[in-house]
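The block underneath contains the structure these notes are about, expressed in structure tokens.
The values are calculated or read from the model by the stated rules, or taken from the named source; none is laboratory data. Given the structure is predicted, the values throughout are model-derived calculations rather than measurements. Because the Cβ atoms are built from the backbone with ideal geometry, glycine has one as well, and the counts that use them run over all protein chains shown. The protein model used for the area step is the full one, side chains on, heavy atoms only, and it has no ligands, DNA or RNA in it. Shrake-Rupley method; radii C 1.70, N 1.55, O 1.52, S 1.80 Å.
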Amino acid sequence: MVAVLIYVFYTDIWEEIFPLLLSIKNKIHIDVALCIDNDNTKILNDLKQLQVIKIRYVENRGADIGPFLLQLLDLDEKKYPYFIKLHSKKSLISKFDWKYILFNTFIGSKLILDENINLLENDKTIGAITDPVVVMTNMGHNKLHIDILSKLLGIKTTKKKFMAGSMFMSRTWKYRDWE
């Protein structure tokens, strides 16, 4: 089973996410963070058709990363060896639709999900996956943040890349696994 950790701020984007989740509902469990200030009635109704780990209400702080860290903290790595991080993204940069590419990279079909699981199962050197088109080397204003986090986590890198859009599929591990 794969855990899908979703933060929904833009409730209209849920209309794009939900059918994709529904098509793979037998392979996933959902942990959803909803913005406390939104009308989440439609989402809550739709969630009745899915297996839900937890529904949490959060303030819109920390962009999509704050809720994700709360979700990750609660995630049972034994029950869910893999997770997918998604959020209701609404940015278009140079006519590049991040969310369309990233949603379909992870939850586009059962076949896509199975291929991603097999990739992680068969290559233990891979910690996380995303669509190659969103892997960036120009960190721009994120460079300082990446440097600080790398130092705090004790990660030494020579080539720094990041997954733009902050949506990915990963192995589930806890900080103790680094020791």
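Contact order, relative form, for the chain: 26 percent (alpha carbon pairs under 8 Å, 6 or more residues apart, mean separation divided by residue count). For the chain, the longest principal axis of the Cα atoms and the long axis of helix 65-74 meet at an angle of about 80 degrees. Decide, for the stretch 1-92, between rounded, prolate and oblate: order the square roots of the alpha carbon gyration tensor eigenvalues as a ≥ b ≥ c, take rounded if a/c falls under 1.5, and otherwise choose prolate if a/b is larger than b/c, else oblate. It is oblate, given that a/c is not under 1.5 and a/b is not larger than b/c. Helix 143-153 and the longest principal axis of the C-alpha atoms of the chain enclose an angle of approximately 90°.
The fraction of all Cα pairs in the chain landing in successive 5 Å bins from 0 to the largest distance is 1, 8, 16, 21, 22, 17, 10, 4, 1, 0, given as whole percents.
Looking at the stretch 1-73, the GluC sites (Glu not before Pro) that sit in a DSSP loop and have at most 11 other Cβ atoms within 10 Å of their own Cβ are GLU59. Report, to the nearest 10°, how far helix 98-107 tilts away from the longest principal axis of the Cα atoms in the chain, using its own Cα long axis and a range of 0 to 90°. Here the helix axis deviates by roughly 80 degrees. In straight-distance terms, cross-link reach from LYS79 covers every one of the lysines whose alpha-carbon lies under 26 Å from its own, apart from those fewer than eight places away in the same chain; here that gives LYS25, LYS27, LYS48, LYS54, LYS110, LYS124, LYS174.
Which part of the stretch 42-85 falls in the paramagnetic zone of SER150, meaning amide N under 16 Å from the point 7 Å along Cα-to-beta-carbon? It comes to no residues whatsoever. Report the FRET efficiency, 1/(1 + (r/R0)^6), for LEU119 and LYS159, where r is their Cβ-Cβ distance and R0 is 22 Å, rounded to 0.05. Approximately 0.55, to the nearest 0.05. Note on the chain: with neighbouring protein chains present and a 1.4 Å probe, carbon and sulfur make up 57 percent of its accessible heavy-atom surface.
Per residue, how much accessible surface does the chain expose to a 1.4 Å probe? Answer in Å², no decimals.
Accessible surface, normalised per residue, equals 59 Å².
Rounded to the nearest 500, the helix-only mean residue ellipticity at 222 nm of the chain stands at -10000 deg cm²/dmol, with each DSSP H run of n ≥ 4 adding -39,500 (n - 2.57).
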